[in-house]
Amino acid sequence: MNVKGHLIEPGAYLKAADLRGAAMKDAMLDGAFLHAADLTEATLEWAFLREADLESASFVNARLQFASLREANAYAANFTDADLQGAKCQGAIFEAANFENANLQQADLTGCRLKEANFRGANLRQAFLPMANARGASFRNADLRDANALRVIFRDADLRGADTRGANFENAIFYGARLDEAVYDETTQFPEDFDPRMAHMRVVNV
């Protein structure tokens, strides 16, 4: 596949490549080097980006539904307004990445490194987050309904105003986290030693 003069293949060297608006559905980019590449508004549904270097790349408003980013390095990448519904991202590095207002519904972020990442206003409904490290991350006003956040580290994270109805936070760590005005209900599952009222969370009826 040749896109905008760039050969799209596994292991491709695409540092700082201009791929804005590129149509790359089903693209095979496993192990590709996309450091600081611009993929704004690119179409990457069902694409394979496993173990790719996506550090500082821009995926603003990109379409990544059901793409595979397993074990990719997306440190400080920008996914603002991107659609990652159903994306498979197990073990990926998203530290300091920006997912503001992104759609991650049913995305699999199992074991991901999310330290200092920004999920403000993001849709994480029914997302899988078990064993992720989200220390210092922002989930302010995010939709975490029915999310699986088993054993997630939320140390020093910001979850103010988040919707956590139906979410599973069993064995999660909330030390130092801010949860003021976050919404929960009787189906939200918390760690045994966690009292949502003491965290100034707000209960709502189902």
Looking only at the range 80-112, filter to residues that are in a strand (DSSP E or B) and within 9 Å of the chain's Cα centre (by Cα); which one of those is farthest from ASP146 (Cα to Cα)? ASN98
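State yes or no: is LEU114 in contact (Cβ under 8 Å) with a residue 12 or more places away in the chain and farther than 22 Å from ALA52 by Cβ? Walk me through how you get there before you give the answer.
Working: in contact (Cβ under 8 Å) with a residue 12 or more places away in the chain: yes; farther than 22 Å from ALA52 by Cβ: no.
It is false that LEU114 is in contact (Cβ under 8 Å) with a residue 12 or more places away in the chain and farther than 22 Å from ALA52 by Cβ.
With the structure loaded, tell me whether GLU51 is closer than 24 Å to GLU100 by Cα, of a type in the set (Asp, Glu) and in a loop (DSSP other than H, G, I, E, B) or whether it fails that test. Spell out how you get there, then give the answer.
Values: closer than 24 Å to GLU100 by Cα: yes; of a type in the set (Asp, Glu): yes; in a loop (DSSP other than H, G, I, E, B): yes.
Yes, satisfied.
For every residue, the table says whether it meets (1) β-branched (Val, Ile, Thr); (2) over 22 Å from LEU159 (Cα atoms); (3) surrounded by fewer than 24 Cβ atoms within 10 Å (Cβ to Cβ); (4) in contact with a Phe, Trp or Tyr (Cβ under 7 Å, 6 or more places away or on another chain).
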{"site": "ALA32", "(1), (2), (3), (4)": "no, yes, no, no"}
{"site": "LEU44", "(1), (2), (3), (4)": "no, yes, no, no"}
{"site": "VAL60", "(1), (2), (3), (4)": "yes, yes, yes, no"}
{"site": "ARG63", "(1), (2), (3), (4)": "no, yes, yes, no"}
{"site": "ASN98", "(1), (2), (3), (4)": "no, no, yes, yes"}
{"site": "ASP108", "(1), (2), (3), (4)": "no, no, yes, yes"}
{"site": "LEU114", "(1), (2), (3), (4)": "no, no, no, yes"}
{"site": "ALA117", "(1), (2), (3), (4)": "no, no, no, yes"}
{"site": "ALA134", "(1), (2), (3), (4)": "no, no, no, yes"}
How many residues, within the range 147-171, are crowded, with 24+ Cβ neighbours inside 10 Å and either β-branched (Val, Ile, Thr) or within 14 Å of PRO191 (Cα to Cα) (or both)? 6
Output for Cβ contacts, cut-off 9 Å, separation at least six or different chains, first residue free of Cβ contacts under 8 Å to residues at least 60 places away in the same chain and crowded, with 22+ Cβ neighbours inside 10 Å in the range 65-80, second assigned to a loop (DSSP other than H, G, I, E, B) and β-branched (Val, Ile, Thr), reads ASN78/THR40; ASN78/VAL60; PHE79/VAL60
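Read the figures in this text as sums done on the coordinates, not as results from a lab. Predicted model, so just to flag it, every value in this text is computed and none were measured. In this analysis, Cβ positions are derived from the backbone assuming ideal geometry, glycine residues included, and neighbour counts consider all displayed protein chains.
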